Amino acid sequence: MLYNIDYSQIILDIDQLDNLLNPRSGYALNIDYQTSDDINKSFDYLNIKSEYFKTFKHNHTFRVFGLHKESSSSTPLDLISTYGGYNWAVGYDEFELSSHDLSLLGFEYQFHYKNSTTLRFIINHLEKYNSFTFDGPEVKSPINYGFGIKVRSIFGPINFTWGRGYDTIMNQSSKRVNIFYFNFGVKI
């Protein structure tokens, strides 16, 4: 018996940022589409991440970002993992937003103090979250926010961010919690 496995992947990664470690101007777009069709398991997966930076009067930078993911119920677990945390989904733990469908929009204001220190205010809005393991009352359009400081160093940027989010995602009876993030360097 002969089985044919049909798998395809398309990745588009456009980076027009002026500085990868400390961007102040430009945009980045990452699109990942995968599909597989075989006798036992087939899946479709789409992940789009985008961000845009614009600096005004040399010390004020605005960042607008978005994350959109769609996948079928049979998508492998490593693909549905969503990296949240200090930069994309403040107020959520690192892998807490892993789901089959997700849409998140956010805004960040950065004030560049002196040459090596940046103060940050981040706000994000979770528009859509669909995990087949979640069952409960939903919070309509949860908005999370956070404040942070980023310092340039010889190890790359050092980030400390405080975020405010929900104890349990999309559960209206859960309480608001504080989440602290600390990291250094950048993923290249």
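Points to keep in mind about this one:
- Under-5 Å amide H pairs with residue 166, H placed in peptide plane, nonlocal only: 177
- With θ taken as phi - 60° and the Karplus curve 6.51 cos²θ - 1.76 cosθ + 1.60 applied, the whole-hertz 3J(HN,Hα) list for the stretch 56-63 is 10, 6, 6, 10, 10, 10, 10, 10 Hz, x standing for glycine and proline.
- In Å², nearest 10: area of residue 70 left accessible to a 1.4 Å probe: 80
- Greater than 27 Å apart at Cα, pairs in 49/150; 128/150; 49/175; 54/150; 49/114: 128/150; 49/175; 49/114
- Ordered by 1.4 Å accessible area with all protein chains kept, 12, 67 run largest first as 12, 67.
- Largest-first ordering by accessible area, 1.4 Å probe, given options 24, 63: 24, 63
- For the stretch 11-28, the Karplus equation 6.51 cos²θ - 1.76 cosθ + 1.60, evaluated at θ = phi - 60°, returns couplings of 10, 10, 10, 10, 10, 10, 7, 6, 8, 5, 6, 9, x, 10, 8, x, 9, 9 Hz by residue, with Gly and Pro reported as x.
- Relative to one another, the C-alpha centroids of the stretch 142-171 and the stretch 3-66 are positioned 21 Å apart.
The values are calculated or read from the model by the stated rules, or taken from the named source; none is laboratory data. Predicted, not measured: the structure shown is a model, and the values here were computed from it. The accessibility values were calculated without ligands, DNA or RNA, using every heavy atom of the protein model including side chains. Shrake-Rupley method; radii C 1.70, N 1.55, O 1.52, S 1.80 Å.
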